[in-house]
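Have a look at the structure below before the remarks.
Coordinate-derived values only; no laboratory data. As the structure is a prediction and not an experimental result, all values here were calculated from the model. In this analysis, Cβ positions are derived from the backbone assuming ideal geometry, glycine residues included, and neighbour counts consider all displayed protein chains.
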Amino acid sequence: MTPEVLPVVQGDWVATKAHDNSIQIGRVRQSWRDPDGTVLMNVVLYDPAGANLGRVSTPEGGPTTFEPAIEFDDNWQRIDKPRFPLEFNIIGIRHPTKPDWVTLSRTLYHEGEGTLKPKPVRTRRRKQSSDYAHQRTRVIVVEADPKNLQEDIESSSLRRAAQELRDAARHCPAHVGTMLRQKAQGLEKEADQIKARFT
């Protein structure tokens, strides 16, 4: 079976194509395709200043932090990550049947800074968190000797702490890194001593 390719997925930014104050901007929280073929998405909405609006419609008992099940239709498009705050600009929109008539409108689609940039829809599959929801979790149970259980815990804790010190040492100045590695060696030596007492 060919993997499902959705035009927008979790993490994508989207916006309506409207050239007026009704424009909506948001980040996809999850998307999926309905049995009838419609692409739906849960979207966290933002205002042009970058404030998180979550949901603007009446919740009626539903989620309050995002707009649920919005249809990704011709009114919506994928966009580059916005650089908030966004700035409106005035443009002239010609009448479809009367070329001499021009209507002025505010838009966020224009050249320059603080604008929305359209982006092509996805053509390759990208996994979302929902793709992992039904995967089985494998649990491996290892029987431990009750006599050595506490010692195993202490030894493992010391080795884990030593590894964290070594990881931190990679991002520190040389003299600090050396000190952290020495401490890590001391912890590992102590862990070896604990294991040796019970073997």
- request: Could you list which residues have their amide H under 5 Å from that of Ile93, counting only those 5 or more apart in sequence or on another chain, with H placed in the peptide plane?
  value: Thr103, Leu104, Ser105
Added length on full extension, which subtracts the Cα-Cα distance from 0.36 nm per residue, Val176 to Trp101: 19.9 nm
query: Comparing Leu108, Leu187, Leu53, which has the greatest mean-square fluctuation in the GNM of the chain with Cα pairs linked when under 10 Å apart?
result: Leu187
- line: Expected max-MSF residue from Pro59, Pro35, Pro85 in the GNM of the chain (alpha carbon, under 10 Å) is Pro35
field: Residue-by-residue Karplus 3J(HN,Hα) for the stretch 177-193, coefficients 6.51, -1.76, 1.60, Hz, glycine and proline x
entry: x, 4, 5, 5, 5, 5, 5, 4, 4, x, 5, 5, 5, 5, 5, 5, 5
field: Between the stretch 155-193 and the stretch 45-93, the alpha-carbon center distance in angstrom
entry: 47
- prompt: Rounded to the nearest 20 Debye, what is the dipole magnitude of the chain about its Cα centre when Lys and Arg each give +1 and Asp and Glu each give -1 at the C-beta?
  reply: 660
query: Calculated FRET efficiency, Glu111 and Asn21, Cβ-Cβ r, R0 22 Å, to nearest 0.05?
result: 0.60
task: Return the calculated 222 nm mean residue ellipticity for the chain, to the nearest 500 deg cm²/dmol, obtained by summing -39500 (n - 2.57) across DSSP H runs with n ≥ 4 and dividing by the residue count.
output: -8000 deg cm²/dmol
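Based on the alpha-carbon gyration tensor of the stretch 82-121, what equivalent-ellipsoid semi-axes (square roots of 5 times the eigenvalues) come out, in whole Å, largest first?
25, 13, 6
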message: Placing one identical point scatterer on every Cα of the stretch 1-100 and ignoring solvent, what is log10 I(q)/I(0) from the Debye formula at q = 0.14, 0.15, 0.17, 0.25 Å⁻¹?
response: -0.61, -0.69, -0.83, -1.40
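Within 10 Å of each residue's Cβ, count the other Cβ atoms and sort Lys119, Lys127 from fewest upward.
Lys127, Lys119
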message: Sorted from largest to smallest, which semi-axis lengths in Å does the alpha carbon gyration tensor of the chain give for its equivalent ellipsoid, taking the root of 5 times each eigenvalue?
response: 55, 24, 15
- prompt: In the neighborhood of Asp131, defined by Cβ-to-Cβ distances under 12 Å, what is the net charge if each Lys or Arg adds +1 and each Asp or Glu adds -1?
  reply: +2
- prompt: Would you list Thr115, Thr178 from fewest to most Cβ contacts within 10 Å?
  reply: Thr178, Thr115
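From the P(r) of the stretch 149-197, could you give the percentage of C-alpha pairs in the tail past 18 Å?
32
What's the exposure ranking of Tyr46, Tyr109, going from fewest to most Cβ atoms within 10 Å?
Going from least to most buried by this count: Tyr109, Tyr46.
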